[in-house]
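> First, the structure itself, so that you have it in front of you.
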Amino acid sequence: MREQYESPLNRRYASKAMSHLFSQDFKFKTWRKLWIALAEAEMELGLSITQEQIDEMKAYQNHINYEVAEEREKQVRHDVMSHVYAFGKQAPKAEAIIHLGATSCYVGDNTDIIIMTEAMKLVRKELLNVIAELSKFALEYKDMPTLGFTHFQPAQTTTVGKRATLWIQDLMMDLEDLDFQIGKAKLLGSKGTTGTQASFLELFDGDHEKVKKLDDIIVQKMGYTDYFKVSGQTYPRKLDSQILNVLSSIAQSAFKFSNDIRLLQHLKEIEEPFEKSQIGSSAMAYKRNPMRCERIGSLARYVIADAINPAVTASTQWFERTLDDSANKRISIPEAFLCVDAILTLYRNVVDGLVVYPKVIEKHLNDELPFMATENIMMDAVKKGGNRQELHEKIRVHSMEAGKTVKMEGKPNDLLQRIANDPTFGLTMEELQKIMIPENFVGRAPQQTEEYIKNFVQPVLEKNKELLQTEAEAVRV
């Protein structure tokens, strides 16, 4: 519909699977499933509801007469009652018992929880696939020395693979939080207008045990094992805040990765995938812009900002319920999930096609390696009879002069030549060159990478191997 606004999250970014979870169709079919569960539970607990009524409802569980519901809503201005009416038109024998004793939040809130739980499971699958792809990259490049940075200033040597483990570890922390949130998923159940279950107590003639049992039966029929033991009319809106905090955390991890790749692409050391016919710039034909990583950062920033919405909503609810959450929830929660879905698809696509340039990495490392090797050089000079304190001062002066030559004159780093020419050190250029082996300066980076992947990441991936895909999903550039 080109004449109306359409969210780019649906049109350009998010997967069909995630979009479907937040679709009207999934929502209203879940409403009907909940109405059937309620009626079945009430029948099992002794209310005068027949199997014939249940069967009639089940026959139309997935065949929603949207036109009837939409026309009715124009009259009554109430979406839940409009769908109760439409369901009753299809199942006239059950019309009198549909939604019996319930409030709108029975279908609305339970459905929201179900949608968010299923969406978290989908995010979990995508997260595991990103971790798996990054793990392959980390192991492939675990031994390749590269210049490490602190403050984006040259620091000590690390390896390309070891740096990838930092990205993986962020995602593993997110996975732990996500698993915790999924693991404690619970429905609202059937609580009534202010959470007291008064209407159900009336239905069951004051039988408290039957009212308590009603929640147990409903959640079991919906595939859950637990429910909120106390509530107002709604489930605690703090749940939304907790879930979006996890999504925000995933966005933060992805943002960090995308920024690192953008910086590495500027250095020409590592690039995100670039299609053969892709255009990087409308004006500068030679450019290879990190468009995917920039999109990750852009969407991640939205999720991080979006997480404030349910936090404010949870903190401003009045007593047993207020309705200033509704419009906000309809926007903030689906968009957070759709964004994270798009982010993880992009993330995996980028990792799957990363291009590494070993010669550029080697050049940058060699430009700085003499500075990093000064401690080793000093020790070798001491072994030849030099004075450690005198050597330290000499090497400090030579380093400052070499740095000035690089920065002020744009010339290559000549620190090794300066040291070779200084008789205080007693080292030849050949001896100095033997010290300049990058692998000697990476510490335990290769071993750390291998140990981390083997001991902490692979067991998780093996446990979830049925969720791992063989190929990364293509994305719109």
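> Quick query: amide H of THR159 versus all other amide H atoms, modeled in the peptide plane; which residues come in under 5 Å with a sequence gap of 5 or more or a different chain?
Here the answer is THR146, since their amide H atoms fall under 5 Å of that of THR159.
> Within the chain, which is the longest segment that contains none of the GluC sites (Glu not before Pro) sitting in a DSSP loop with at most 11 other Cβ atoms within 10 Å?
It works out to 7-274.
> What full-extension length gain, to one decimal in nm, is calculated for GLU71 and LEU263 as 0.36 nm per residue of separation minus the Cα-Cα distance?
63.6 nm
> Once phi is turned into ³J(HN,Hα) by the Karplus curve 6.51 cos²θ - 1.76 cosθ + 1.60 with θ = phi - 60°, what whole-Hz value does each residue of the range 235-252 show in order, with x for glycine and proline?
6, x, 5, 4, 4, 4, 5, 5, 5, 5, 5, 5, 5, 4, 5, 4, 4, 4
> How far is the Cα center of the range 238-273 from the Cα center of the range 355-418, in Å?
34 Å
> What number in nm² do you get for the range 374-435 if you take the convex hull of its Cα atoms and divide its surface by four?
3.8 nm²
> Next question, about the same structure. Roughly how tilted is helix 291-306, in degrees to the nearest 10 and between 0 and 90, from the longest Cα axis of the chain?
The angle comes out at about 50 degrees.
> Nearest 10 degrees is fine. How inclined is helix 104-140 to the longest principal axis of the chain, computing both from alpha carbons?
20 degrees
> Hey, another quick one. How high is the FRET efficiency from LYS256 to ALA314, r the C-beta distance, R0 25 Å, rounded to 0.05?
Taking R0 as 25 Å, the efficiency between LYS256 and ALA314 is 0.40.
> Further question: Which lysines, on any chain, are close to LYS89 with Cα under 26 Å apart, when same-chain ones fewer than 8 places away are left out?
LYS27, LYS29, LYS33, LYS58, LYS74, LYS221
> OK, next. Restricting to Cα pairs below 8 Å that are 6+ residues apart, what does the relative contact order work out to for the chain? Please round to a whole percent.
Reported relative contact order: 19 percent.
> Additional query: On a C-alpha basis, how far is the centre of the range 162-176 from the centre of the range 62-129 in Å? Whole number, if you could?
If we compute the Cα centre of each part, the gap is 39 Å.
> Right, here's the next one. Counting only trypsin sites (Lys or Arg not before Pro) that sit in a DSSP loop (anything but H, G, I, E, B) with at most 12 other Cβ atoms within 10 Å, what is the longest stretch of the chain containing none of them?
Result for the longest clean stretch: 78-183.
> Okay, next question. Quick check for the range 374-435: number of Lys pairs with alpha-carbon distance under 18 Å, counting only pairs 8 or more apart or on different chains?
Total qualifying Lys-Lys pairs in the range 374-435 comes to 5.
> Tally the DSSP beta bridges in the chain and give the antiparallel ones as a percent, rounded to 5.
Given both bridge residues lie in the chain, the antiparallel proportion sits at roughly 90 percent.
> To the nearest 10 degrees, how steep is helix 208-221 against the longest Cα principal axis of the chain, on a 0 to 90 scale?
Around 50 degrees separate the two axes.
> While we're on this one: In what sequence do THR428, THR159 fall when counting other Cβ within 10 Å, fewest first?
Ranking THR428, THR159 by Cβ neighbours within 10 Å, fewest first, gives THR428, THR159.
Each value in this text was obtained by applying a stated rule to the coordinates, not by laboratory testing. This structure is a prediction, so every number in the text was calculated from the model and none was measured. Neighbour counts run over all protein chains shown; Cβ positions are idealised from the backbone, glycine included.
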